[in-house]
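Colleague: Got a structure for you, questions after.
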Amino acid sequence: MTIWILTLVLVLSLVGLGYRQGAIRVAFSLVGIFFGVLLAVPLGGPLTFVVKMFGVKNPVALWLVPPAIAFCLISAIFKSIAMAVHHKVEVHFRYKAGDLRFSLWERLNRRVGLCLGIINGAAYSVIISFVIYVLGYWLVQLETSEGMNLPARLVVRAAKDLQSTGFVKSARSLDRMPETYYQGADVAGLVFQNTLLEARLARYPAFLMIAERPEFQTLATDKEFTGMRAAKNSIQQLMRYEPAQAILKNPDMLREIWSAAGPDLKDLRTYLETGVSEKYAEEPILGRWNFDPRATVAAIRRANPTITSILMARTRRTLQQQFARTQLVMGIGGKVVVKGWGDAATSAVADPNAASTLSGTGDWDGGNGFYKLNVTVGSNELRGTAAIQGERMTVTWDKLTVAFEREY
């Protein structure tokens with residue numbers, strides 16, 4: 001119902017305006033609409049720099065405002081030309097053609113202007129419907145029962161009306177948005193409406209290294225943010241949260257996220273729904289791997305079948321103390337992040353959680369389940385090999401063998 005009210009108001013307003021302005025000005029306005037739609041996006045790119053100069057940093061605003069300014073500028077140019085042409089024609093009929101011809105021209109001008117006003121009203125209705133459709137595609141999927149501001153709620157209501165009335169077909173007639181725009185909205189809506197998928201999102205191979213960035217680690221361990229997500233706070237409230245602002249106001253990080261997600265949005269959605277990535281399925285090392293004490297002990301027993309029970313108990317205790325919190329993050333591009341590696345100087349304490357840990361980075365190379373690792377942890381450079389069987393990875397550094405289990 002909302003969209004029909006909006007359309008009716010637009011058409012009636014422009015019919016009255018067309019009757020008042022006349023055919024010449026309305027015709028030029030119609031041409032201006034056509035060129036505005038055609039050139040808004042190409043001219044919006046250069047205008048983005050100008051908008052940034054005024055302090056606009058919101059990525060949504062930077063995407064919407066420049067094309068809107070370009071459309072308005074083009075329309076204003078055509079309206080200015082229309083005023084000049086209309087003035088010359090009016091002067092001719094008023095002062096040179098005689099009263100009868102002037103009266104006939106004035107009547108024709110207004111009536112044709114009224115008819116063209118209907119076309120202008122329909123054109124503006126389709127343009128506004130397209131904007132509602134494009135914005136609404138995201139907002140409907142990010143909708144919450146409370147917390148959304150009034151403009152967002154109005155767009156959501158209008159977008160639903162577009163769909164229910166069938167007017168969405170007209171809006172789609174102008175749609176030139178890339179497929180990734182809608183795929184991105186599908187992924188965002190899936191994660192936003194299902195909070196449990198956030199952990200799976202962080203384990204997507206393309207996001208493994210990004211998720212290790214301090215900004216995301218801070219957000220992941222923030223209890224207040226977790227509470228906001230559990231309470232189904234609106235997307236506007238989440239975006240205004242200060243730790244989230246640290247990400248949204250960092251254009252380099254946003255570009256990094258998009259460069260990682262943009263080419264693989266279809267695969268990302270499949271991974272979120274099924275837990276399996278078709279693109280990265282052939283590289284089993286990718287993922288997070290947690291220390292597996294039982295498998296480590298079993299591997300040591302296989303390598304040393306004559307080991308005594310006393311020595312085995314001592315080895316088990318040492319391994320637990322040093323590697324209880326160890327995690328290996330194997331990312332794309334051969335990148336490795338080591339977390340929670342036990343510090344040899346403090347690993348002998350009774351409580352593993354009280355021991356200090358080290359972090360490090362490195363690289364991996366190889367394939368088909370067999371890999372070479374080169375990592376730096378603290379002041380130590382470790383070179384080793386890794387073998388993967390199913391969901392378990394066994395890593396050997398010199399004489400040290402440690403098993404890890406894939407995190408799900």
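Colleague: Tell me, please, whether a residue that is under 30 Å from residue 250 (Cβ atoms) and either in the same structural domain as residue 252 (by TED's automatic domain parsing) or among the hydrophobic types (A, V, I, L, M, F, W, C) (or both) can be found in segment 76-91.
Modeller: No - not one qualifying residue is present in segment 76-91.
Colleague: Then there is this: Test of understanding: among 287, 331, which residue is at pLDDT 90 or above, at positive phi and surrounded by 14 or more Cβ atoms within 10 Å (Cβ to Cβ)?
Modeller: 287
Colleague: Going through segment 350-371 one residue at a time, which ones are surrounded by 13 or more Cβ atoms within 10 Å (Cβ to Cβ) and either more than 14 Å from residue 323 (Cβ to Cβ) or modelled with pLDDT of 95 or more (or both)?
Modeller: 361, 362, 363, 364, 366, 369, 371, listed by residue number.
Colleague: Now for a different question. Pull up segment 381-408, narrow it to residues that are of a type in the set (Lys, Arg) and more than 36 Å from the chain's Cα centre (by Cα), then point me to the one that is nearest to residue 271 (Cα to Cα).
Modeller: Out of the qualifying residues, it is 383.
Colleague: Then there's this: Looking only at segment 142-171, which residues are crowded, with 19+ Cβ neighbours inside 10 Å, under 24 Å from residue 62 (Cα atoms) and of a type outside the set (A, V, I, L, M)?
Modeller: Answer for segment 142-171, where residues must be crowded, with 19+ Cβ neighbours inside 10 Å, under 24 Å from residue 62 (Cα atoms) and of a type outside the set (A, V, I, L, M): just 143.
Colleague: A further question on this structure: Scan segment 263-271 and give yes if some residue there is exposed (fewer than 13 other Cβ atoms within 10 Å of the Cβ) and without any contact (Cβ under 8 Å) to a residue 60 or more places away in the chain, otherwise no.
Modeller: no
Colleague: Something else about it: For segment 372-403, how many residues meet the condition of being among the basic types (Lys, Arg), loosely packed, with under 14 Cβ neighbours inside 10 Å and either assigned to a strand (DSSP E or B) or at pLDDT 90 or above (or both)?
Modeller: Adding up the residues that qualify gives 2.
Colleague: Which is in a helix (DSSP H, G or I), surrounded by fewer than 18 Cβ atoms within 10 Å (Cβ to Cβ), β-branched (Val, Ile, Thr) and out of contact with any Lys or Arg (no Cβ under 9 Å at 6 or more places or on another chain), of 85, 112?
Modeller: 112
Colleague: Here's another thing I want to ask about it. Please determine whether any residue of segment 141-150 is under 29 Å from residue 195 (Cβ atoms) and touching a Phe, Trp or Tyr at 6+ places or on another chain (Cβ under 6 Å).
Modeller: Yes; the residues of segment 141-150 include at least one that is under 29 Å from residue 195 (Cβ atoms) and touching a Phe, Trp or Tyr at 6+ places or on another chain (Cβ under 6 Å).
Colleague: Does any residue of segment 271-278 turn out to be assigned to a helix (DSSP H, G or I), farther than 21 Å from residue 387 by Cα, hydroxyl-bearing (Ser, Thr, Tyr) and out of contact with any Gly (no Cβ under 6 Å at 6 or more places or on another chain)?
Modeller: Yes, some residue in segment 271-278 is assigned to a helix (DSSP H, G or I), farther than 21 Å from residue 387 by Cα, hydroxyl-bearing (Ser, Thr, Tyr) and out of contact with any Gly (no Cβ under 6 Å at 6 or more places or on another chain).
Colleague: Out of curiosity, is residue 228 loosely packed, with under 15 Cβ neighbours inside 10 Å, closer than 27 Å to residue 153 by Cβ, in contact with a Leu (Cβ under 8 Å, 6 or more places away or on another chain) and not basic (Lys, Arg)?
Modeller: Considered against the rule, which asks whether it is loosely packed, with under 15 Cβ neighbours inside 10 Å, closer than 27 Å to residue 153 by Cβ, in contact with a Leu (Cβ under 8 Å, 6 or more places away or on another chain) and not basic (Lys, Arg), residue 228 comes out as no.
Colleague: Among the candidates 62, 39, single out the residue that is hydrophobic (A, V, I, L, M, F, W, C), over 17 Å from residue 174 (Cα atoms) and assigned to a helix (DSSP H, G or I).
Modeller: Result: 62 is the single residue among 62, 39 that is hydrophobic (A, V, I, L, M, F, W, C), over 17 Å from residue 174 (Cα atoms) and assigned to a helix (DSSP H, G or I).
Colleague: Here is a list: 192, 207. Which entry is hydrophobic (A, V, I, L, M, F, W, C), more than 18 Å from residue 181 (Cβ to Cβ) and at pLDDT 90 or above?
Modeller: Within the list 192, 207, the selection yields 207.
The values are calculated or read from the model by the stated rules, or taken from the named source; none is laboratory data. Keep in mind that this is a model prediction, so the values were computed, not measured. Positions of Cβ are backbone-derived with ideal geometry, glycine not excepted, and every protein chain shown enters the neighbour counts.
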